[in-house]
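Trainee: Submitted below is the structure of interest, expressed as structure tokens.
Rule-based calculations on the coordinates, nothing more; no lab input. For clarity, every value in this text was computed on a predicted model and none was experimentally measured. Every residue, glycine as well, gets a Cβ built from its backbone with ideal geometry; the counts of neighbours run over all protein chains shown.
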């Protein structure tokens with residue numbers, strides 16, 4: 001009767017010793033990540049580290065994955081990639097810049113008009129953009145500027161909207177650019193209505209604002 005009990009005890013100890021992710025602080029995260037990777041073969045360890053990088057990226061919170069094992073981390077990373085793929089379906093359909101004389105200032109008034117469509121699975125409360133005013137025959141943009149737009153109410157999945165935006169510093173846009181100049185705009189960050197970042201490629205932008 002003692003042998004089966006001993007076998008059960010050994011099985012329980014083995015199961016309890018499975019490495020899991022610890023996210024209480026940066027040191028615990030680093031040590032648990034290395035411990036879990038060391039228990040894997042080379043290819044599996046590389047994939048595991050990629051999964052951790054995905055779950056620790058912009059718009060994600062690695063602390064949500066405390067106590068997960070390698071298989072659970074893999075499943076969470078796949079779900080996160082699917083979430084990012086959905087958020088990439090936030091589309092800018094058109095962008096243009098309108099200027100007019102301002103009766104109360106010698107600077108012209110500027111309005112940016114963006115037509116956007118939310119084909120993600122999420123409500124979008126605020127979008128952050130980088131705009132560049134460019135000409136085909138000019139190496140440098142006339143202007144580069146970052147700005148955001150808070151949608152009230154939030155733009156729902158499947159909705160399309162026209163956003164008219166006044167730049168924070170209008171006089172930066174008061175430049176004489178040719179009629180063929182093109183306004184190119186990319187969305188580099190999306191927040192939900194509560195201000196939580198859902199998606200961000202901010203770190204991958206080539207240049208900051210001028």
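Trainee: Could you grab me the full set of residues in the range 64-74 that are more than 19 Å from residue 200 (Cβ to Cβ) and surrounded by 12 or more Cβ atoms within 10 Å (Cβ to Cβ)?
Mentor: Within the range 64-74, the subset more than 19 Å from residue 200 (Cβ to Cβ) is 66-74.
Answer for the range 64-74, where residues must be more than 19 Å from residue 200 (Cβ to Cβ) and surrounded by 12 or more Cβ atoms within 10 Å (Cβ to Cβ): 66, 68, 69, 70, 72, 73, 74.
Trainee: Pull up the range 94-115, narrow it to residues that are out of contact with any helix residue (DSSP H, G or I) (no Cβ under 6 Å at 6 or more places or on another chain) and in contact (Cβ under 8 Å) with a residue 60 or more places away in the chain, then point me to the one that is farthest from residue 80 (Cα to Cα).
Mentor: Filtering first and then ranking leaves 108.
Trainee: Report every pair of residues separated by at least 6 positions or lying on different chains whose Cβ atoms are under 8 Å apart, first residue within the range 159-173 and over 19 Å from residue 125 (Cα atoms), second outside any strand (DSSP E or B).
Mentor: 170/107; 170/108; 171/107; 173/108; 173/167
Trainee: Let me ask something else. Would you point out which residue out of 138, 150 is out of contact with any strand residue (DSSP E or B) (no Cβ under 8 Å at 6 or more places or on another chain) and surrounded by fewer than 16 Cβ atoms within 10 Å (Cβ to Cβ)?
Mentor: It is 138.
Residue-wise test of (1) part of a loop (DSSP other than H, G, I, E, B); (2) out of contact with any strand residue (DSSP E or B) (no Cβ under 6 Å at 6 or more places or on another chain); (3) over 22 Å from residue 60 (Cα atoms).
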{"position": "116", "(1), (2), (3)": "no, no, yes"}
{"position": "168", "(1), (2), (3)": "yes, yes, yes"}
{"position": "195", "(1), (2), (3)": "yes, yes, no"}
{"position": "198", "(1), (2), (3)": "no, no, no"}
